[in-house]
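The values are calculated or read from the model by the stated rules, or taken from the named source; none is laboratory data. This one's a predicted model, so the numbers in the text were calculated from it and none came from an experiment. As a convention, Cβ positions derive from the backbone with ideal geometry for all residues, glycine included, and neighbour counts pool all protein chains shown. SASA here: full protein model, heavy atoms, side chains in, ligands and nucleic acids out. Shrake-Rupley method; radii C 1.70, N 1.55, O 1.52, S 1.80 Å.
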Amino acid sequence: QVQPVESGGGLAQTGGSLRLSCAGPSTFSDYTMGWFRQTPGKEREFVAAISYTVMNTYYSDSVKGRFTVSRNNAANTLYLEMNSLKPEDTAIYYCAPHIRGSIYDANSYRFWGPGTQVTVSS
């Protein structure tokens, strides 16, 4: 297995919460990992990232204060806790390891998983 596998998506109401998981191979524990999201017709958008040391986290302005990224390297799993959800959070969410370049740029990542759909109803 090279690609990670995302899970935990689903339907939530505005103001609700969801927790996404991303399971990957053991080698991913050596990489900064990122979460991105995408809606039809739009480019993949940075959501959050966390360094392999767990010392540094990064968030887009649109989710800062509502979403929390974390990881369990022993379990080779990445998480995204999403609170105070808004309809504009509706998207397919993807995780991937950061390879090189800006952590905010989807082109800096490889080995994308299939994604998990998050739908927030108003």
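Among the candidates TYR94, TYR59, which residue alone is free of Cβ contacts under 8 Å to residues at least 40 places away in the same chain, open to solvent by less than 70 Å² (accessible area, probe 1.4 Å) and not small (Gly, Ala, Ser)? It would help to see each step written out before you state the result.
Numbers: TYR94 fails: free of Cβ contacts under 8 Å to residues at least 40 places away in the same chain.
Every option except TYR59 fails the conditions.
Considering the stretch 1-43 alone, what residues qualify as being buried (at least 21 other Cβ atoms within 10 Å of the Cβ) and among the charged types (D, E, K, R)? Residues satisfying the conditions are GLU6, ARG37. Counting only strands (runs of 3 or more DSSP E) that sit completely within the stretch 1-52, those holding 3 or more residues that are modelled with pLDDT of 95 or more and not charged (D, E, K, R) correspond to 10-13, 18-23, 33-38, 45-50. Tallying residues that are open to solvent by less than 70 Å² (accessible area, probe 1.4 Å) and aromatic (Phe, Trp, Tyr) within the stretch 44-56 yields 1. Here TRP112 meets each of (1) at pLDDT 95 or above; (2) under 12 Å from the mean Cα position of the chain (by Cα); (3) not in a strand (DSSP E or B) with one exception, condition (1). All of TYR104, TYR79, TYR52 fail the test of being touching an Asp or Glu at 6+ places or on another chain (Cβ under 7 Å) and not β-branched (Val, Ile, Thr), apart from TYR52.
For the stretch 72-91, filtered to residues that are assigned to a strand (DSSP E or B) and open to solvent by less than 30 Å² (accessible area, probe 1.4 Å), the residue that is farthest from THR27 (Cα to Cα) is ALA91.
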